[in-house]
Amino acid sequence: MHGRVKVKSTAQQEEEKRKEREKKLKAFVSARDAVLRKRSAGEHDEEALQLTQQLLSSNPDFATLWNYRREVLLQLETSREKDEVQKLYESELHFIEACLKVNPKSYGCWHHRSWVNTRLPQPDWTRELGLCDRCLSLDERNFHCWDYRRVVVKESGVSVEQELQFTDRLIGSNFSNYSSWHYRSTLLPQLHPQPAPDSIHSHRVCEEQLLKEYELAHNAFFTDPNDQSAWFYYRWLLGREEMISCVYVSRERERVSVAFSKPVHSEGLMLVLDGQPQQVEWRSTHPRLRHSPVWLCDLPPGSVSDISNEHNLTVHWTEKYTHRDCALYTGCAESWCRDSATDQELFRSELSVEKSSVLQAELQSCNQLLELEPQNKWCLLTIILLMRALDPLGHEKETLAHFQTLKVRKYYHYLNERYSGSRK
Amino acid sequence: MAAEDLPSQFDVVILGTGLTESVIAAACSRVGQSVLHLDRRNYYAGNWASFTFNGLLSWIEQYKNQQEVPITELEQVWRSLIDEGEDAVPLSALDSSISNLEVFCYASEEEEKEEEMKTPLSSFQPVNAETVSEEANGDSTEAHDTVTGDDTTASDAKTPNEEHEVSEPKEDQHTSDISEPSQSQEEKESQLSSSPADPTVEVQKKITYQKLVKEGRRFNIDLVSKLMYSRGALVDLLIKSNVSRYAEFKNIGRILTYRNGKVEQVPCSRADVFASKQLTVVEKRMLMKFLTFCLDFEQHPEEYQDYTEKPFREFLKNKKLTENLQHFILHSIAMVTQHTLTEEGLKATQHFLRCLGRYGNTPFLFPLYGLGEIPQCFCRMCAVFGGIYCLRHSVECLVVDKVSNKVKAVIDTRGQRISCSHFVVEDSYIRDEQRQSTAYRQISRAVLITDRSVLPSESDQQISMVTIPPLESSAPAVRMVELCSSSMTCMPGTYLVHLTCSSSGKAQEDLAPVISQLFHVSTIPGEEPSEGAEERSKPAVLWVMYFNMRDTSALDSSSYSLPSNVHVCTGPDDSLCSDYSIKLAESVFHHILPDEEFCPPAPNPEDIIYDGDGPQAKGPGFDESTNTEADKSLAEEEGATHEKSPSTENSEPAEMDSVTQQAPLDMTPASEE
């Protein structure tokens, strides 16, 4: 056959590629050695910037080089005018952008970018926000970018409203995105706080907005009931305010017990006794349980044993900006202070104190979905939660039937036991 | 023009530069066959061509003036070239594939005062626009005569191949475009297309006929309106052959439908369903559930086996889908008729769904600068591998060997005898004497220039595909594609709207009722709608062209009495995609070369071994070579072209593939994160 174009064979191509790679590796290793030598010699000059730039643009995950670069930049900064410093760091930002194109998930790059912005005399937050948006439009789940974006938003003072619209847009293009839903859950209480009757810091969302959010979640889980992200968001919407349910103090044992509406970590707990913060060791019911609904601590010996004195205790839960007081009166051996909710209400504390009519409506929506998707575990689980909140005894039969459907998994066994236990 | 003689021998001579012929040309040339590719027209792509506005006006002109050329002394010439033992089979010089062409102009013919004065272009003197608009009642022949005055044609009506030069910038960009998210692409495109005048001001201004002519070069008006399914035969071929490097594409932004007198968006992807305001949550679930079932319906025969002999429509009804949903699925997703059987409907739905999410939220792509680009891209590939191109150059007759009954040579319109082993020809060159059957169908087409979208939305730069179910039970379903200016097919501030249906009569009779439902058609040119608000909210038609195109796709080799090594390519069919034409090209290619691969990937320039030592001499750029008639452009030139534009890297086809893998198929249930 005549006239054909002659093409190199694959073996030939492979060989060429291999040689190319070898050459590159050699160049990289020698440049790396040169840089490391320079660093140990304590040289902080333009040349160092150039050399590290060459290396980092082919491998942006070389953390040592980023560190060296920061040292050099800090050194150069001292000998320059303000506008020169601005230029220096702006070119650094351009360089990082190029590195991000090589690896958009490079820890070193993103960290260095945050650092550069703190050094910049006049940071351009609008441009940074644009960079994040571009990045997220290419990969909406790049958590490095999400992290960096939070910093940018904080610094640039973008309004909460705009940010909520930003999540609208991301959720609209693909609602299987925890990052967006979660971000939304942090924005809503700021934008639409629940009018709080008492001065306690509220983390709830006003009812009008809640209804809109329910609708959004419906749209998502009716469209794709197997996608968890919307269900988790929905669960958050239905969830009640987290609080300290009860504080108990015993004079004889010199011990304080604290109960919460849900399992919490002990890190954010603080005990104040008669105005003095106390160094105490919090223990859960089991040493391995890191999140527990109940935490205990021993008071310093002798601090409350004087039966003739009155003591005032306050437990602070810093994470939720909430606290609970408890007074141990003269002559009393013990004392407690608890939420005004009744026992029954406490059992239902899985769900919020929203009007039951709203919850009833939500239950109807979920039942509607269950008719179409009788096997969907997310739907079943949500229905069980709603039924328990509304009327645990009235819905007992249905709840158990739903558990039958669900019981394949261990987790549901556990829940089943827990819930049937609560009947007694 | 005095032209040098062509070589006297080729492996394959191809007459006609439509899509099928061009793909065959590229495929043959790619595997080393010598190819001579001819077209009697002065533009590429035949009935697949796209024209600038002014180019279209001269095409209309040509259509009006076409007549049978009397047998001249030329016949004496070719008769003398026929030897004993040979027969001559003459070809037709008349193209009768287009009929019932009519043009109406509704744009105001007022002159634009200030601007006109500043830039006096000789070719745009108040060229008789008024004559056109007066002809609104039928006999428009005179009007066309005057519209395309000679000077207009000469200075402004570019043939599509010349257009290559005009659209140069796209060559530098195309690598990244197909893989980029549509949003940034839109931005880029709008930059590209932004006119020197401020576009926002432009929208406010009434668009006059003057303006259309003056901005005529911004239009690329296709004769055939088709879209590319992102997993259809054409896209697969473009990727496989590396021809995709010669073109760039835009996603179709949305699928619309006309229902109960309103244009509505069809929710077809997961994101659409989620965001849809017209569906109840229960409908959302039903729709998603049904579509998920369609994705692998073969796995669940129990669901539809009772309906295999019954229409798809009944199956949908049985599935208890609401009327809303039945409409969307039948007309806009499966795009089938009331009578289509269940299995075919399910297959069509499945194909639609499989195409979602590959490049965007709808299954379709559209080539920037119009569909007419695609045949030219394949011609370019053919030329790169040594094919020779001549426009305005046809074949007078075939020379058939009486003993073997095979074509051994052709005699061209310049009286040269060229021998060949295979002859590929477009249907419209065949004389009626060679036909066994003349049972063709017709396609009705309308092309509109309008002033706004049928469904305005946040972005005015979206391509919309609109399905219009039959207005009456006897009428055909109409398919409408609305192109925005960033698709590089119309000037900013306008939309180019293509309507297509299989004909039941003249194009105007078939399509005018639909147009009057969806658009405002004024009675006096340039007049504002005086009727109610409803009429005012409709887009106004500025200009419209109707014609019928012959649909020969039902014919096959038994429909012609021709030698066995003559391969007839039927023209465009009436379907939405080009699969039919691509499959035909592949089957013709396998007839010619049974043992060769069809369009294997073209090698990257750096992998080509050249006979000479050292770097090859830089030849002339590619554009020059295709535009010159009968210029041979070799693979070396391809190398040179690539050196010029570094963006045309070897990574490109891989990129197109990688998009495929990254983009999750939109309808599949999301896996747990």
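The values are calculated or read from the model by the stated rules, or taken from the named source; none is laboratory data. Just so we're clear, the structure is a prediction, and the values are computed from it rather than from any experiment. Methodologically, a virtual Cβ is constructed for each residue, glycine included, from the backbone with ideal geometry; neighbour enumeration extends over all protein chains shown. What goes into the accessible areas is simple: the full protein's heavy atoms, side chains included, and nothing from ligands, DNA or RNA. Shrake-Rupley method; radii C 1.70, N 1.55, O 1.52, S 1.80 Å.
Annotation: amide H of B:T362 within the under-5 Å range of B:G357, sequence separation 5 or more or interchain, hydrogens built in the peptide plane. Amide H contacts of A:M243: A:S261, A:K262, each under 5 Å away and 5 or more positions distant or on a separate chain (H built 1.01 Å from N in the peptide plane; Pro and chain starts excluded). The A:S156 and A:H182 beta-carbon pair, evaluated with R₀ = 22 Å, returns a calculated FRET efficiency of approximately 0.60.
Seen against the Cα atoms of chain A and their longest principal axis, helix A:82-102 is set at about 80 degrees. Computed with every protein chain present, the accessible area of A:E46 is close to 90 Å² [probe 1.4 Å].
In terms of solvent-accessible area of protein heavy atoms at a 1.4 angstrom probe, what is the ranking of B:R417, B:R536, highest value first?
From most exposed to least exposed: B:R536, B:R417.
Heavy-atom accessible area for B:M488, with the other protein chains in place and a 1.4 Å probe, reaches approximately 20 Å². Using a 1.4 angstrom probe on protein heavy atoms only, the contact between B and A buries about 2900 square angstrom of accessible area, both sides summed.
FRET efficiency for the pair B:V403 and B:T438, taken as 1/(1 + (r/R0)^6) with r the Cβ-Cβ distance and R0 = 30 Å, rounds to 0.50. For the range A:22-123, the solvent-accessible area works out to 56 Å² per residue, with a probe of 1.4 Å and every protein chain left in place. Each other residue within a Cβ distance under 15 Å of A:V256 adds +1 if Lys or Arg and -1 if Asp or Glu, for a net charge of -1.
For B:D95, no residue has an amide H sitting under 5 Å from its own, ignoring neighbours fewer than 5 places away on the same chain, with H placed 1.01 Å from N.
At a threshold of 40 Å², the residues of the range A:1-42 that become less accessible to a 1.4 Å probe in the full protein assembly than in their chain on its own are A:M1, A:H2, A:R4, A:V5, A:K6, A:V7, A:K8. In the range B:393-477, the C-alpha radius of gyration followed by the widest Cα-Cα span (Dmax) gives 23.3, 69 angstrom.
Computed over the range A:22-63, the range of Cα coordinates on each principal axis works out to 30, 17, 16 Å, biggest value leading. What Kirkwood radius, in Å to one decimal, follows from the Cα pairs of chain A? Here the Kirkwood hydrodynamic radius works out to 27.0 Å. Each residue of the range B:45-55 was assigned a 3J(HN,Hα) from its phi angle through the Karplus curve 6.51 cos²θ - 1.76 cosθ + 1.60 (θ = phi - 60°); the sequence is 5, x, 6, 9, 5, 10, 10, 5, 4, 6, x Hz, with glycine and proline shown as x.
Among the residues of the range B:253-286, those with an accessible-area drop of 10 Å² or more from chain alone to full protein complex, heavy atoms and 1.4 Å probe, are B:R270, B:A271, B:F274, B:V281, B:V282, B:K284, B:R285, B:M286. Phi-derived couplings, Karplus 6.51 cos²θ - 1.76 cosθ + 1.60 at θ = phi - 60°, listed residue by residue for the range B:551-559: 10, 9, 5, 7, 7, 9, 4, 6, 7 Hz, with x used for Gly and Pro.
Is there a quick way to get the dipole size of the range A:244-338? I mean about its Cα centre, with the Cβ of Lys and Arg at +1 and of Asp and Glu at -1; what is the value in debye to the nearest 20? Kindly include the intermediate steps, with their values, before the conclusion.
Working: 10 positive and 11 negative charges, 105 e Å.
Charge dipole, the range A:244-338, about its Cα centre: 500 debye, nearest 20.
Taking all protein chains as shown and a probe of 1.4 angstrom, A:F260 keeps an accessible surface of around 20 Å². Taking the square roots of 5 times each eigenvalue of the Cα gyration tensor of the range A:244-338, largest first, gives ellipsoid semi-axes of 22, 13, 12 Å. One Cα centroid belongs to the range A:43-110, the other to the range B:1-63; the line between them spans 56 Å. Cross-link check: pairs A:K262/A:K377; B:K506/B:K583; A:K377/A:K397; B:K262/B:K284; A:K212/B:K277; A:K105/B:K289 evaluated at a Cα-Cα cut-off of 24 Å; pairs beyond the cut-off: B:K506/B:K583; A:K105/B:K289. Sorted from longest to shortest, the spans of the Cα atoms of the range A:22-123 along the three principal axes equal 43, 32, 17 Å.
Distance from the Cα centre of the range B:252-274 to that of the range B:425-495, in angstrom? Cα centroid of the range B:252-274 versus Cα centroid of the range B:425-495: 19 Å apart. Whole-Hz Karplus values for the range B:386-394 come out as x, x, 10, 10, 9, 9, 6, 8, 10 Hz, taken residue by residue from phi with 6.51 cos²θ - 1.76 cosθ + 1.60 and θ = phi - 60°; glycine and proline positions read x. P(r) tail for the range B:224-303: Cα pairs beyond 14 Å make up 75% of the total.
Highest average first, the peptides B:228-236, A:393-401 ordered by how many other beta carbon atoms sit within 10 Å of their residues are B:228-236, A:393-401. Computed from the Kirkwood radius of its Cα pairs, the Stokes-Einstein diffusion coefficient for the range B:304-412 at 37 °C and 0.692 mPa s stands at 175 µm²/s. The dipole here belongs to the range A:22-123: it is taken about the Cα centre, uses +1 on the Cβ of Lys and Arg and -1 on the Cβ of Asp and Glu, and is about 440 debye. Computed about the Cα centre, the dipole magnitude for chain A is approximately 2040 debye when only Lys and Arg (+1) and Asp and Glu (-1) carry charge, each at its Cβ.
The accessible surface of the range A:244-338, taken with every protein chain in place and a 1.4 Å probe, is 50 percent carbon and sulfur.
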